[in-house]
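Following: one structure in structure tokens, then a few remarks.
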Amino acid sequence: MSRQVPPVRPYFPEEDIEEIKAHVERILRSGWLTLGEFTRALEAEFARLCQVKHAVAVNSGTSALEIAYRCLGLREGDEVLVPTNTFSATAATVIFAGGRPVFTDIDPETLCVTADEVQERLTPRTRGVAVVHVGGLVCPETRAIREICEDHGLFLVEDAAHAHGSRLDGQPAGSLGHVGCFSFYPTKVMTTGEGGMITTDRDDVAKKARVLRDQGKESFRSSLIVELGYNWRLPEVCAAIGLVQLKRLNEMIEHRRRIAAFYDRELAKIDGIRPLRVPENVFCNYYKYVAFLDEDVDRDAFKARMAERGVRCGGEVYWPPLHLQPLYRRLLGTKEGDFPNAERACRRMVCLPIFAGMSMEDAEYVVECVRAVLEEL
């Protein structure tokens, strides 16, 4: 039977499992199951990681985005620029918060939006911009985009769902915009099972975010409703898992980077595939390992042949891009050809397996399979 290599797997060494079990017992015995000491500790440690004043824990990355848009004053009719190659939540939460997403194209070499693209798409209705750190690669033009935002009185949200521990010129993801939004979904570089985090240096945003996540109450112990909030709380058990994972984050990233460096070296020797090049000033956590197939290689056939050998590729980031998704075609009237850079790049993209518990033998087998499959196709 061939070796089996999944696209991703959460990493929980035995000692971490034991630590989490002890935390869970402590939580259950305390009777304090939400917004307690573990949530506060996770928020403090995550704020330190991102070098920001505030981190606000919530129950998903999607919740983090909607709360961010609402805290930044999004109003009905306001537009937010969103790159088309992102997960639906980046755009859907603009709609949930009362605004309208306006898609942008990307730089096909980085998969990220550019300052020129932002400048071109601005209208009098533009209220903010969302940059997406795709696959853990921090958008290289985030600073230039922030300058545009400052010049026009716009907010800048970092969709950093993929980017725990990633950096641009040494500055952490989550500290580059007015608000950063992270996901702790099980596939992410670190997980809480389910969960998310809002990061910001703005006191007003952090204060309102804490109100919104807890049904709009003025404080946890109060019964006075001061905002139209929701149940966006992160359970204590999830926060405990996150604290243990956060201690492992640097180790997990370094292992991913070793796997990625091996892939880079070996794929450079294989015809028909090209790794995504990470700019030198970006420290990437490699949530995804992205490569591009040549135009004449059938991606579906490639992935099917890899799966036959026990290697399952991860989901692309993203295919189809949002402007080709049925929902947004219907809501926004977008169509094929609107964003050609994203369409070309995303159509050729593959994401090879990468995760913290992956062995070098697994990585060698993946490369062997890539070479064999491309020789067959």
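Every number here is computed from the coordinates shown, using simple stated rules; none is lab data. What you see is a predicted model, and the numbers here were worked out from it, not measured in a lab. Methodologically, a virtual Cβ is constructed for each residue, glycine included, from the backbone with ideal geometry; neighbour enumeration extends over all protein chains shown.
Convex hull over the alpha-carbon atoms of the chain: what's its volume per residue in Å³?
Spread over its residues, the Cα hull of the chain gives 135 Å³ apiece.
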Q | Volume in Å³ per residue [convex hull over Cα atoms, computed for region 1-92] | A | 200
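In a shell of Cβ-Cβ distance under 12 Å around residue 44, excluding residue 44 itself, what net charge do Lys and Arg (+1) and Asp and Glu (-1) give? List each step's numbers first, then the result.
On the way: positive: 40, 48, 53; negative: 37, 43, 45.
That sum, taken over residues with Cβ under 12 Å, equals 0.
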Q: Can you tell me how much longer the chain between residue 301 and residue 88 gets when fully stretched, taken as 0.36 nm per residue apart minus their C-alpha distance, in nm with one decimal?
A: 74.1 nm
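Note down the magnitude of the dipole of the chain about its Cα centre, charges +1 on Lys and Arg C-beta and -1 on Asp and Glu C-beta and zero elsewhere, to the nearest 20 debye.
In debye, rounded to 20, the chain gives about 960.
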(Q) In region 310-377, if the dipole is taken from +1 on Lys/Arg beta carbons and -1 on Asp/Glu beta carbons about the Cα centre, which of 321, 352, 332 is farthest to the positive end? (A) 332
Q: Pick out the long, greasy-scoring helices in the chain: whole DSSP H runs spanning 18 Å or more along their own axis by Cα, mean Kyte-Doolittle at least -0.5.
A: 37-50, 236-267, 360-376
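Assuming R0 = 41 Å, can you tell me the calculated FRET efficiency for the pair residue 203 and residue 24, based on Cβ-Cβ distance, to the nearest 0.05?
Numbers: r = 33 Å, r/R0 = 0.80.
The pair residue 203/residue 24 has a calculated efficiency of 0.80.
Add +1 for every Lys or Arg and -1 for every Asp or Glu among the other residues with Cβ under 14 Å from the Cβ of residue 217, and state the total. Show your work: numbers first, answer last.
Working: positive: 207, 208, 210, 213, 221, 233; negative: 214, 218, 227.
Net of charged neighbours comes to +3.
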Q | Set of region 333-352 residues, backbone N closer than 12 Å to the point 7 Å along the Cα-Cβ line of residue 294 | A | none
Q | Cysteines in the chain lacking a second Cys C-beta under 4.7 Å | A | 50, 71, 149, 181, 238, 284, 313, 346, 351, 369
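Which entries of 269/303; 21/208; 188/217; 53/247; 21/217 show an alpha-carbon separation above 29 angstrom in the structure shown? Before the final figure, lay out the partial values.
Values: 269/303 20 Å; 21/208 33 Å; 188/217 31 Å; 53/247 20 Å; 21/217 32 Å.
Those over the limit are 21/208; 188/217; 21/217.
If I stretch the segment between residue 16 and residue 368 completely, what's the gain in nm (0.36 nm per residue apart, minus their alpha carbon distance), one decimal?
Numbers: separation 352, 0.36 × 352 = 126.72 nm, distance 3.27 nm.
Once the chain is fully extended between residue 16 and residue 368, it gains 123.5 nm.
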Q. Picking from 260, 242, 134, whose Cα lies most toward the positive end of the charge dipole for the chain (charges on Cβ: Lys, Arg +1; Asp, Glu -1)?
A. 242
**Q.** Kirkwood-based shape ratio for region 51-91, expressed as Rg/Rh from alpha carbons
**A.** 0.99
**Q.** FRET efficiency estimate (nearest 0.05) - Cβ-Cβ, residue 281 to residue 377, R0 30 angstrom
**A.** 0.25
Q) Just going by the charge dipole of the chain, with Lys and Arg at +1 and Asp and Glu at -1 on Cβ, which of 366, 88, 224 is farthest out on the positive end? A) 224
Q | Extent along principal axes [Cα atoms of region 295-377; Å; largest to smallest] | A | 47, 30, 20
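Classify region 158-307 as rounded, prolate or oblate, taking a ≥ b ≥ c as the square roots of the eigenvalues of its Cα gyration tensor: rounded when a/c is under 1.5, otherwise prolate if a/b is larger than b/c and oblate if not. Show your work: numbers first, answer last.
Values: a/c = 2.53, a/b = 2.26, b/c = 1.12.
It is prolate, given that a/c is not under 1.5 and a/b is the larger ratio.
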Q: Can you tell me the relative contact order of the chain? Whole percent, Cα pairs under 8 Å, sequence separation 6 or more.
A: 23
